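What follows is a short report on a single structure.
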């Protein structure tokens, strides 16, 4: 009698009768067991964390890897926090679970390098005030004069990275120390990029919508038209670097960069609203894969910060510039040898830092900071209060232009 093989049952010689259902169930059981064992392995604390020496899981290592920290990690031990226990309890927890130096806030030093990747033409301290649901940005002028922190004859802040104390390494630490010792803001992490990397990053996220009051002529063949535009990556680079026609030169450029930051923030909000947070994380991952930014932030930390930033509104994101004025710096005894720099107004800077950047610390005093004033009798105070929210910057007009600097070939 022939065996019936048309059904899902089989009978092998010398073995008992079984069905295809039994085979599938047993196979699924084996696969499930393998998956469960794998999940246990990757979550078991069987790996050693080099930072702490403790045992952690593979999942922890992957989430906290710092693949973009090309300069290593910054030293976080050489700073006195002066926590204000009347403002915040010592056991306060903001719930974000970040490797913070002060619970409730997280500060990132952002540096944007020039095209030679030698000087830092953009210097921002971005502080997330998690406890109060706000973000504060400090703009440091590139010409800000800090005589004790660089071997450059001009003593400008933008030379500290490359010309700072050669005994301090990595170079990013030189800038971190200068920020902490002069502005007394504890830095938790750093992020750096080059001006030409902005091109690719803006293109990846699909451009930055902005309104331009007038066209910007970066060079004769590099023009951004007036009106409502979506800046391409290339145009974004021209926009943030343009300074020639501004009445106030580099300060004018910094004012214009604020407008770009506000527009970029709106773009990120729209990405989260339209495409969701996952898409924002995908963009961050692409920045990492293409080596567009260097940072000691882990992927997990970036996700947490992005989550917090997505809860902010434009009116609780504020930007301030270091108060001061233009001055001359004389490196020697020759009066003909001088450099145009930016001299800090020390007391006005202290007041601004206390108001915006020390929500959980004791008030800063004159003796707490290493800031040096070149001009003690201030000639003008136009830069002493430059605070603005992103909500205000969204509709801000461009800086004043110098009519004498208009290209000779441009028609009225």
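The values are calculated or read from the model by the stated rules, or taken from the named source; none is laboratory data. Nothing here was measured: the structure is a model prediction, and the numbers come from that model. Backbone-built Cβ (ideal geometry, glycine too); neighbour counts: all protein chains shown.
Only one entry in 297, 292, 364 is in contact with a strand residue (DSSP E or B) (Cβ under 6 Å, 6 or more places away or on another chain) and touching a residue at least 24 places away in the same chain (Cβ under 8 Å), namely 297. Criterion applied to 257, 248 was being outside any helix (DSSP H, G or I), modelled with pLDDT under 95 and within 24 Å of residue 388 (Cβ to Cβ), and the one residue passing it is 248. Going by the structure shown, is residue 227 surrounded by fewer than 18 Cβ atoms within 10 Å (Cβ to Cβ), on the phi > 0 side of the Ramachandran plot, at pLDDT 90 or above and within 19 Å of the chain's Cα centre (by Cα)? No, not satisfied. Every listed requirement among (1) touching a residue at least 60 places away in the same chain (Cβ under 8 Å); (2) in a strand (DSSP E or B) is met by residue 328 save one, (1). Of note, residue 353 satisfies the criterion of being assigned to a helix (DSSP H, G or I), buried (at least 18 other Cβ atoms within 10 Å of the Cβ) and modelled with pLDDT of 95 or more. Within the range 171-185, identify whether any single residue is touching a strand residue (DSSP E or B) at 6+ places or on another chain (Cβ under 7 Å) and not in a helix (DSSP H, G or I), and answer yes or no. Yes; the residues of the range 171-185 include at least one that is touching a strand residue (DSSP E or B) at 6+ places or on another chain (Cβ under 7 Å) and not in a helix (DSSP H, G or I).
Identify the residue in the range 102-141 that is in a loop (DSSP other than H, G, I, E, B) and under 17 Å from the mean Cα position of the chain (by Cα) and, among all such residues, is surrounded by the most Cβ atoms within 10 Å (Cβ to Cβ). So the residue we want is 140. When the range 142-163 is filtered for residues that are out of contact with any helix residue (DSSP H, G or I) (no Cβ under 6 Å at 6 or more places or on another chain), farther than 22 Å from residue 252 by Cα and not in a helix (DSSP H, G or I), the ones remaining, listed by number, are 147, 148, 153. In the set 297, 280, only one residue is part of a loop (DSSP other than H, G, I, E, B), crowded, with 18+ Cβ neighbours inside 10 Å and within 18 Å of the chain's Cα centre (by Cα); that residue is 297.
Pairs linking a residue in the range 81-96 that is touching a residue at least 40 places away in the same chain (Cβ under 8 Å) and assigned by TED's automatic domain parsing to the domain that holds residue 182 to a residue that is assigned to a loop (DSSP other than H, G, I, E, B) and exposed (fewer than 10 other Cβ atoms within 10 Å of the Cβ), with Cβ atoms under 8 Å and 6 or more positions apart or on different chains, are 83/90. In the range 228-239 there is at least one residue matching the filter, namely being part of a loop (DSSP other than H, G, I, E, B) and within 24 Å of residue 120 (Cα to Cα).
Put simply, of 312, 364 the only residue that is under 24 Å from the mean Cα position of the chain (by Cα), assigned by TED's automatic domain parsing to the domain that holds residue 383 and part of a loop (DSSP other than H, G, I, E, B) is 312. Condition first: buried (at least 17 other Cβ atoms within 10 Å of the Cβ) and in a strand (DSSP E or B). Can you find one or more residues in the range 390-409 that meet it? No - not one qualifying residue is present in the range 390-409. When residue 203 is tested against (1) assigned to a helix (DSSP H, G or I); (2) buried (at least 16 other Cβ atoms within 10 Å of the Cβ), only condition (2) is not met.
Across the range 260-274, which residue is surrounded by the most Cβ atoms within 10 Å (Cβ to Cβ) among those that are farther than 28 Å from residue 216 by Cα and modelled with pLDDT under 90?
Of the residues in the range 260-274, the ones farther than 28 Å from residue 216 by Cα are 272-274.
Within this subset, residues satisfying the condition of being modelled with pLDDT under 90 are 272-273.
Numbers: 272: 17, 273: 10.
Selected residue: 272.
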